[in-house]
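What follows is a set of notes on a single structure, which appears directly below.
The values are calculated or read from the model by the stated rules, or taken from the named source; none is laboratory data. Every value quoted in this text rests on a predicted model; they were computed, and no experiment measured them. Here the Cβ positions follow ideal geometry from the backbone for every residue, glycine too, while neighbour counts run over all protein chains shown.
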Amino acid sequence: MTEKLNRYFILSAIAFFQFLTSCNKFIFIPNGTVINGDQQYYLNGSIKLAINVWGDFNIYNQKLKRGVRVDKLYPQDKNILNDLEVKRRETRFLFSAVPTVEPYYHFIAFLRNAEPENMKVYKVKYDKDTLLYYYRILTIPKFEIAETLIPFRKKYVEFLYYNHTPNDCPDCDVNDMSLRNSRQLQKGGEFSEILKRYGDSTGTHSMSFNIPRSKILKNKTALLTVYKIDAEQNLKELENFKFLRPNAGHIELKLPAGDYLIRYSDLYHRVVWSENTTVK
């Protein structure tokens, strides 16, 4: 009996410690990545969310130390979020980005489960009688910050912009991002539309193949991207993509006739396996 009781207390202590730890972390929603099709998108397979981002929002590049991070904040982000008193328990993060070309500002996107305590500090952006989003500009030591809140599935998508360098229009970028996404987000997002645009519904020829067993990513979501290529093997455009569940190795596709490069990678586009194929 004593042994069982001790075990219960140990397990309870571990669970309580994990709870406290989670409350002190900024948690990312898994299965996010960036796809470059006719436009650039942040996509999240877990919550079926799509955000139309700028062309210089490429997935994080380890050598450049810039790009879109989908599982980790940039070091300065935490200080900014703490200064703004963003509550960890009420937020889940989508991405944190620094463009891969100048200017190197910071841009964070996350979900709020509840509206901020003081909504009166925000102004409202309308298009005629339609509410698009809430916004504000504020200054803290060394930084100008612009913030927007877009209603989304009874929650909010928040965009947060900050820059070390003074800016004549600190809210221009965040307003542009909000304008291009607010209507779709308030409808629930255009994730399904993007899947149709770059999915099997556009193909006329069925094909199937297996990823080599030694290359299959275990215990993590993988990404399959299919690009049209020209005679010199240059990538022309994205034709198809799929999120693949962990350990999935059998692939079925429908593609139009043409020459393609198929890439199997993690969500940071680190290619594990690739193959050229021709569909006739």
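Across region 140-166, the qualifying residues are those that are more than 21 Å from Glu115 (Cα to Cα) and free of Cβ contacts under 8 Å to residues at least 60 places away in the same chain, and the one among them that is surrounded by the most Cβ atoms within 10 Å (Cβ to Cβ) is Glu144. The residues of region 228-261 that are in a strand (DSSP E or B), loosely packed, with under 14 Cβ neighbours inside 10 Å and basic (Lys, Arg) amount to a single one, Lys236. Give the residue that is nearest to Gln62 (Cα to Cα), with candidates limited to residues of region 73-95 that are without any contact (Cβ under 8 Å) to a residue 60 or more places away in the chain and charged (D, E, K, R). Among them, the one singled out is Asp77. If I ask for residues that are under 20 Å from Ile59 (Cβ atoms) and either touching a Cys at 6+ places or on another chain (Cβ under 7 Å) or not β-branched (Val, Ile, Thr) (or both), which ones from region 246-276 would you list? Within region 246-276, Pro246, Leu261, Arg263, Tyr264, Ser265, Asp266, Leu267, Tyr268, His269, Arg270, Trp273, Ser274 meet the criteria.
Among the residues that make up region 112-120, is at least one of them in a helix (DSSP H, G or I), among the basic types (Lys, Arg) and within 21 Å of Arg153 (Cβ to Cβ)? No, because not a single residue in region 112-120 is in a helix (DSSP H, G or I), among the basic types (Lys, Arg) and within 21 Å of Arg153 (Cβ to Cβ). Within region 209-225, residues that are over 23 Å from Thr278 (Cα atoms) sit with their Cβ atoms under 7 Å from residues that are surrounded by fewer than 18 Cβ atoms within 10 Å (Cβ to Cβ) and of a type in the set (Phe, Trp, Tyr), at 6+ positions apart or across chains, in these pairs: Thr221/Phe243. For region 56-65, the count of residues that are surrounded by 12 or more Cβ atoms within 10 Å (Cβ to Cβ), in contact with a Pro (Cβ under 8 Å, 6 or more places away or on another chain) and modelled with pLDDT under 90 is nonzero. Being in contact (Cβ under 8 Å) with a residue 12 or more places away in the chain and either in the same structural domain as Ile47 (by TED's automatic domain parsing) or β-branched (Val, Ile, Thr) (or both) holds for only one residue in Tyr126, Tyr122, and it is Tyr122. When restricted to residues that are polar (S, T, N, Q) and free of Cβ contacts under 8 Å to residues at least 12 places away in the same chain, region 167-208 contains 0.
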